[in-house]
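Asks: Pasting a structure here, questions to come.
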Amino acid sequence: MTEIPEHLLKRSRDRKAAGGDAPSTEVSPGAAVPATTGATTPTARVLVDAEAQKPAKKPDPAYITAAKTRGRIPSWAMATLALMPIFLFMYVRGLEPQNAVSVAEVLVDAGFQIIEVPLNSPQPFDSISKIAKGHGANAIVGAGTVLTVPDVHAVAEAGGQIIVSPNMNPDVGRAAIDRGLYWCPGVITPTEAFAALEIGAAVLKIFPAEMVPPSAVAAVRAVLPVDTFVAVVGGISPDNMEPYWNAGTNGFGLGSALFKPSYSVEEIAKRAQAFMKAIKEIT
């Protein structure tokens, strides 16, 4: 057994007498003294390095910025919409440019707030331009059946304000919002509806309504944000509006039940009044 040197025993006795078995703070000659202030510890240095290596936050794409800063319905239109609990899309498929202004005048006078010219109509961009110039201060004017990004740009150049589609194409939606236009995609399922809202849809178009009974509209409506604007389109007539209204619909898209190229201005006005009467009765 190795004998402990006397000087080590004495040091141990002295330490106990001074206050217990606390570890010695003596430093051997030549030993490095750890810095306690003004130096970065290894852990802190790792954190600093990790922070420095974080990629800079990318700015939001233009369509996201537009969606964040723009209301879903233009502020200038709210006064008109506030007068009626239901807003109305009128899609004038087959409208010819020479009749555009007179037909639009009848619709605006009757109370229609949104007029869309489907792009499968004759010279649709000419009609959009004429209606926008003549009635753009009193109605939202744009295009329907918009399927491609180039069509979005053409509508914007013609003076259109809203893009209405039968489907939910994210590229079309982003292009529309990037141009400052209101996007109304066609949706049926909650998945499509929420995807469209995330991109920045202004109005959700339930299409075709013939495939979606009022009970299904009510089920989808129940899970959507309360400020979502929902319109049903396809097969709408004065006789079937009330069940959809009771299901939570905000608006209706009307087509051949109100307008056909063969109808006279007087016939269009008569049919428009029938729809307005139906709206007053259900609200």
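Asks: State yes or no: is Lys280 basic (Lys, Arg) and modelled with pLDDT of 95 or more? Give the derivation first.
Replies: Details: basic (Lys, Arg): yes; modelled with pLDDT of 95 or more: no.
Answer is no for this residue.
Asks: Among the candidates Val203, Val232, Val172, which residue alone is more than 13 Å from the chain's Cα centre (by Cα) and hydrophobic (A, V, I, L, M, F, W, C)?
Replies: Exactly one residue qualifies, and that residue is Val232.
Asks: So, in the range 96-127, exactly how many residues are within 28 Å of Ala278 (Cα to Cα) and either in a helix (DSSP H, G or I) or in contact with a Phe, Trp or Tyr (Cβ under 7 Å, 6 or more places away or on another chain) (or both)?
Replies: Matching residues across the range 96-127 total 16.
Asks: Do we have Ser256 as out of contact with any helix residue (DSSP H, G or I) (no Cβ under 9 Å at 6 or more places or on another chain) and free of Cβ contacts under 8 Å to residues at least 40 places away in the same chain here?
Replies: Taking the combined requirement at face value, the residue does not satisfy it.
Asks: Pro243 is checked against (1) without any contact (Cβ under 8 Å) to a residue 40 or more places away in the chain; (2) more than 18 Å from Pro208 (Cβ to Cβ) and fails just one. What number does that condition carry?
Replies: With respect to (1) without any contact (Cβ under 8 Å) to a residue 40 or more places away in the chain; (2) more than 18 Å from Pro208 (Cβ to Cβ), Pro243 is out only on (2).
Asks: Could you list, ordered by first residue, the pairs with Cβ atoms under 6 Å in which the first is in the range 137-154 and of a type in the set (Gly, Ala, Ser) and the second is surrounded by fewer than 17 Cβ atoms within 10 Å (Cβ to Cβ), at least 6 apart or interchain?
Replies: Within 6 Å, no pair qualifies.
Asks: Suppose we filter Asp109, Asp126 for residues that are at pLDDT 95 or above, surrounded by fewer than 23 Cβ atoms within 10 Å (Cβ to Cβ) and among the acidic types (Asp, Glu); which single one remains?
Replies: Within the list Asp109, Asp126, the selection yields Asp126.
Asks: Starting from the range 270-282, take each residue that is on the phi < 0 side of the Ramachandran plot and in a helix (DSSP H, G or I) and list its partners that are surrounded by fewer than 15 Cβ atoms within 10 Å (Cβ to Cβ) and of a type in the set (D, E, K, R), counting only C-beta distances under 9 angstrom and pairs at least six apart or across chains.
Replies: So the pair list comes out as Ala272/Asp109; Ala278/Asp239.
Asks: Looking at Ile206 and the list (1) out of contact with any helix residue (DSSP H, G or I) (no Cβ under 7 Å at 6 or more places or on another chain); (2) within 20 Å of Ile163 (Cβ to Cβ), which single condition is not satisfied?
Replies: (1)
The values are calculated or read from the model by the stated rules, or taken from the named source; none is laboratory data. Everything numeric here is computed off the predicted structure, so don't read it as measured data. All Cβ positions, even for glycine, are placed from backbone atoms using ideal geometry, and neighbour counts span all protein chains on display.
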